[in-house]
Each structure stands twice: as structure tokens, then as C-alpha cells.
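One structure is given here, and the rest of the page talks about it.
The values are calculated or read from the model by the stated rules, or taken from the named source; none is laboratory data. Small disclaimer: the values here were computed from a predicted structure and weren't measured. Neighbour counts run over all protein chains shown; Cβ positions are idealised from the backbone, glycine included.
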Amino acid sequence: MAKTLILIGLIIVVVGLVMHFVPGLLSWFGHLPGDIRIEKEHTRIYIPITSMILVSLVLTLVANLWR
């Protein structure tokens, strides 16, 4: 269990470093068709439906391959 948590933490750190040092790489994420973005004068509402479905599919695939 500890090794799995360390591996997940390392993956999160690597993704964070990639997002920090290569900002244009994931610029499409969050702007997919189906992501709801409402911006008014004093309010911003963002509901990333399609992006979270994509994340769920990728994590499900990784979890099934892991087993």
C-alpha cells in the first residue's frame, strides 16, 4: 500500500512539473466541448463535465491495466 501511495504521489508531482514548465501542453484540457463555463461581471461558474469524464476513463483504464 505504501509503495502505491508513493507512486501516485510521484505521478502527481511529475504532472504538476510538466504543467508548470510546459504551460501550452495541457491548455486544451478544461476547454473541451461539453465543459460549461459561465462568466458574468462578478461571477464565474465552471463545470468541467467532459474533462472529468475523460479523466475518469483514463483512470479506469490505468486501474484495470494495473490489476
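Mind listing whichever residues of the range 41-67 are β-branched (Val, Ile, Thr) and either closer than 25 Å to residue 4 by Cβ or in a helix (DSSP H, G or I) (or both)?
Looking only at the range 41-67, we keep the residues that are β-branched (Val, Ile, Thr), and these are 43, 45, 47, 49-50, 53, 55, 58, 60, 62.
Of everything in the range 41-67, those that are β-branched (Val, Ile, Thr) and either closer than 25 Å to residue 4 by Cβ or in a helix (DSSP H, G or I) (or both) turn out to be 49, 50, 53, 55, 58, 60, 62.
Part of a strand (DSSP E or B), free of Cβ contacts under 8 Å to residues at least 40 places away in the same chain and not polar (S, T, N, Q): does that describe residue 11? Here the answer is no, as residue 11 does not meet what is asked.
Scanning the range 16-30 for residues that are at pLDDT below 85 and surrounded by 10 or more Cβ atoms within 10 Å (Cβ to Cβ) yields a total of 6. Residues of the range 31-51 that are surrounded by 10 or more Cβ atoms within 10 Å (Cβ to Cβ) and hydrophobic (A, V, I, L, M, F, W, C): 32, 36, 47, 49.
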